[in-house]
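The block underneath contains the structure these notes are about, expressed in structure tokens.
The values are calculated or read from the model by the stated rules, or taken from the named source; none is laboratory data. Since the structure is predicted, the reported quantities are computational estimates derived from the model, not experimental observations. Glycine also receives a Cβ, built like all others from the backbone with ideal geometry; neighbour counts cover every protein chain displayed. We work out accessible area using only protein heavy atoms, side chains counted, and drop any ligands, DNA or RNA first. Shrake-Rupley method; radii C 1.70, N 1.55, O 1.52, S 1.80 Å.
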Amino acid sequence: MHRCTGRLLVFLAGAGFVLHPTVRAAEGASLPEHPAFDMHGGGSKPGSWAGGMQAGFPWQAVHLQYGLEDGWTPFVEVSSALLQRNEPSIGLALRWVDRPRVRVTGEVLLGWQVQTGVLAHSGPSMALRVRAAAWVGRRIMPYTAWTTRHTLLIDRTALETASGTETSLTAGPRWDALGVVGVAFVLSPRVGLELGVEYPRTDGSTVTLPGVHLGLQFGGRP
Amino acid sequence: MSSRSRAVLGSTGVRARQWLWALPLLGCSGCNQTIEIYQVELNGAVQATAGSPATGPVSVELFHASSGEGELAHPLEFIEQFQIETPGEFNHTLNYPTTGGDGLVIYAWQDRDGDGVLCALGREVELAGLVEVTPFPVHEVEIDLLMDQPCAGPEAMFPP
């Protein structure tokens, strides 16, 4: 209960900051290049960078990206569920739709899934993600992101027969999906604040409880 | 893709290739578990008591004699099941999971009416039998299993 109240206060403080006069001066900035747009719409303009951090229940994440030419953006990302399922990844994003107020991006991620606890496992993973974001007015940007992640879980089998022991490796797939819907707010020309809700699907058949998070986005040109 | 993007991605690819030699060293460092299997050749015969029909499939079920530790310890942890067409001789290769428990118990019952259920209500009386393999583990097991207990599940016969 205290945790939820704390998050609500942080959100209200952020929303209040958006309406502050110093923030209104940020409205003159070129909104399509705002870090929140780069993070949630996906991709960065050539030579600019953007980063983001999110904290919530159960998901936390850190993301950092750098824009190349022709719509390509490499990035690194670490996401975690309660620090028990950790997914470090590197990725490459390509902006499919790149309009001043609308952006749609496809991403491919390669990484590792490491889960601790009683259901511990780990394995290499690949994920595909589609992001979409659009400006509503000059300070608010709804966004969505949908990810499908496929992890290879490798086991070693030792077969002891009368003639000796043979070992072999077997691999089984694991599928996780995550849908996120949220809204981002402009705090300053280089900083954004967002609130999002997650709809996860864990290990293929398990529909888990939705999550919620607050995030900060920031960026600029080096 | 522009030449600058290609250059950045290309140099990254070169660096990645420099580390490819490390992949074999990783081996199974990312393995989740080691599954230990002890292969057992089961040979023997399953017979019903005299006077019972010679036909009808026999369901053979294999169990660990005991499994779990402490308060979770229990007998008869199921391993696998197979069928033989009629009572008589059989052979079967069992991949025994050593981490699942200890010992080996073989249970069989004859499905005289072919309904897949041991002694369903209102149907025929069906015979069952059980034998514990001792000593175990061994790779070659010879057994003679007599089905002489009417409508008995494995838990009714083991532990003896």
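Observations
- Working note: Karplus 6.51/-1.76/1.60 with θ = phi - 60° gives the range B:69-83 the couplings 10, x, 5, 8, 5, 7, x, 6, 8, 4, 10, 6, 9, 8, 10 Hz, where Gly and Pro are set to x.
- Between A:L159, A:L92, A:L64, the residue with the greatest mean-square fluctuation in the GNM of chain A (Cα pairs under 10 Å linked by springs) is A:L159.
- Each principal axis of the Cα cloud of chain A was evaluated for its coordinate range; sorted largest first, these ranges are 81, 47, 28 Å.
- Calculated FRET efficiency for the pair A:V207/A:L64, C-beta based, R₀ 30 Å, to 0.05: 0.45
- With every protein chain in place, chain A: carbon and sulfur % of accessible area (1.4 Å): 70 percent
- Gaussian network model of chain A, Cα within-10 Å springs - most flexible of A:Q113, A:Q65, A:Q84: A:Q84
- In sequence order, calculated HN-Hα J values of the range A:119-134 (Karplus, 6.51, -1.76, 1.60; Hz; x Gly/Pro): 10, 4, 6, 7, x, x, 9, 10, 10, 10, 9, 10, 10, 8, 8, 8
- Compared with the alpha-carbon gap, the fully stretched path from B:A45 to B:T98 is longer by 16.6 nm at 0.36 nm per residue.
- Coupling constants for the range A:82-88 follow from the phi torsions by the Karplus curve (6.51 cos²θ - 1.76 cosθ + 1.60, θ = phi - 60°), and in residue order they are 6, 6, 10, 10, 10, 10, x Hz; glycine and proline get x.
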